[in-house]
Amino acid sequence: MNVADEHDSVAEVLRSMADDVDVCGALVDAARDRSPELARLAEVETRSHVSAMIRAAESWFDTFDRVEEQDFAAALLLGADRAGQGIPMTAVLRGLQAAFTRTAEIMVVRCRSGGVSDGALLTMVMRMKEYGDAVERHVINGYRAAEQGTRHEPLGELTRVLRQILVGGVVPSAEELARAGIHSGGRHHCLVWDMGDPAHARPPASGAAALRGTFGPVEGRLVGLCPRVPTPQEIDATAFVVVSPAAPVDELRPLYRLCVRAVDIGRRQGRRGPHDLTDFAAEIALADQPLLGSCLSGRFLTGLDRSDTFHRQLALTALAFLDSGRRLDQTATALFTHPNTVRYRLGRLQQITGRSLTDTPPESRSGPLSTLHWWWALTTWLGPGGDSAP
């Protein structure tokens, strides 16, 4: 493997780590284990920062010594958030260092399995150490800026009020809410954008700026509280926004958490525009029970091999069949193939697994439940992003 290929391999490893829920969870666990003060925060408090900083690390590896081109917005925001939560600086740095140590360990294992040479691995580890040092400096800067009350966009009064409403702390008083433009007795829709980069967590001029509501960055995301549901025309066509049902201020926190989960799911699916939170109800609920999904896959899809391209095609066809209401003609149209091809694939799936998608389920299991179990088994077996047509 030449130098360019090895560099691409490292970049791909970083991208996959940022998108890997298990990896981000391992880094969060490392930080929480090393720092009891961080362990008292909700896990999601740390997870969003971890993912953002792994993504930023890819840019660090791409530009090498051109430090002026680096974006440390996520590190500044992390320091500011922890200062606002009253976490001691030493506890913040202990957690940060533990997370970076675990990051390097995972990178080494993944790069080795990808064929990266020992020389390139050594360079990678040294670069990760330099990146970690730079992140640490910016976390300290963000922390000190928050302590000193420096005027910095993510650290303003509005952000503090939104954080108290949606993340943690006592719900602000009616006077504080009024200063932030939030009616304490009203009902509000919580909007969460997928902005990608925390540095750009501000309402797009052509979209959210036209909405009547309160907007600001929270946990690296643009968040808004609005008295009504936005129209598609009021949202930037390139943006993806999840909108919760309306609720009083003191009931918005759990809805915000569900919106964040929906944004993570919708991002992987490439969604755009505004979407109601309930559009993701089943996916969020099923994602909370991955072990049950694996059990269903083992029960319904015995004999299928994930490494076999034809077997994956069978699973994708079955999923399209369910999404099309078990209609052969509509499934064929969705897959750009002939109904007989769909029929053949479903037959082969039955031969391999011993289970049929087309037979009427036993009386002990209703049709809707049978469909749900099949859909859950198939999406779990196919893995993230596997629910797209072949």
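The values are calculated or read from the model by the stated rules, or taken from the named source; none is laboratory data. Computed from a predicted model, the values in this text were never measured in an experiment. When we count neighbours, we look across all protein chains shown, and the Cβ atoms used for this are built from the backbone with ideal geometry, even at glycine. The accessibility values were calculated without ligands, DNA or RNA, using every heavy atom of the protein model including side chains. Shrake-Rupley method; radii C 1.70, N 1.55, O 1.52, S 1.80 Å.
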**Message:** As an exercise: evaluate G181 against (1) part of a helix (DSSP H, G or I); (2) at pLDDT 80 or above; (3) in contact with a strand residue (DSSP E or B) (Cβ under 8 Å, 6 or more places away or on another chain) and give the number of the one condition it does not meet.
**Reply:** (1)
**Asked** Counting only residues that are modelled with pLDDT of 80 or more and in a helix (DSSP H, G or I), which one in the stretch 31-57 is least open to solvent (accessible area, probe 1.4 Å)?
**Response** A31
**Prompt:** Looking at F321, is it modelled with pLDDT of 85 or more and surrounded by fewer than 12 Cβ atoms within 10 Å (Cβ to Cβ)?
**Reply:** no
**Prompt:** Tally time: how many residues in the stretch 328-338 are surrounded by 14 or more Cβ atoms within 10 Å (Cβ to Cβ) and not polar (S, T, N, Q)?
**Reply:** 4
**Prompt:** Which condition breaks for V242 when tested against (1) of a type outside the set (D, E, K, R); (2) in a helix (DSSP H, G or I); (3) modelled with pLDDT of 90 or more?
**Reply:** (2)
**Request:** Could you list, in sequence order, all residues of the stretch 216-229 that are open to solvent by less than 30 Å² (accessible area, probe 1.4 Å) and more than 23 Å from A75 (Cβ to Cβ)?
**Result:** G224, L225, C226
**Request:** Might you check whether a residue that is within 30 Å of V242 (Cα to Cα), open to solvent by less than 50 Å² (accessible area, probe 1.4 Å) and without any contact (Cβ under 8 Å) to a residue 24 or more places away in the chain occurs anywhere in the stretch 347-361?
**Result:** no
**Item:** Subset of the stretch 248-274 [at pLDDT 90 or above, touching a Gly at 6+ places or on another chain (Cβ under 9 Å) and open to solvent by 40 Å² or more (accessible area, probe 1.4 Å)]
**Value:** R253
**Request:** Count, please, the residues in the stretch 136-176 that happen to be open to solvent by less than 30 Å² (accessible area, probe 1.4 Å), hydrophobic (A, V, I, L, M, F, W, C) and either part of a loop (DSSP other than H, G, I, E, B) or modelled with pLDDT of 85 or more (or both).
**Result:** 6
**Prompt:** How many residues are without any contact (Cβ under 8 Å) to a residue 60 or more places away in the chain and under 16 Å from L357 (Cα atoms) if we restrict to the stretch 288-316?
**Reply:** 5
**Message:** Cβ contacts < 7 Å: first residue in contact (Cβ under 8 Å) with a residue 40 or more places away in the chain and within 17 Å of F280 (Cβ to Cβ), restricted to the stretch 231-245; second residue among the acidic types (D, E) and in a loop (DSSP other than H, G, I, E, B), any location; separation 6+ or different chain. Result?
**Reply:** F240/D194
**Fill in**
Per the filter on the stretch 102-122, residues of a type in the set (S, T, N, Q), assigned to a helix (DSSP H, G or I) and either under 15 Å from A18 (Cα atoms) or touching an Asp or Glu at 6+ places or on another chain (Cβ under 8 Å) (or both) are T103
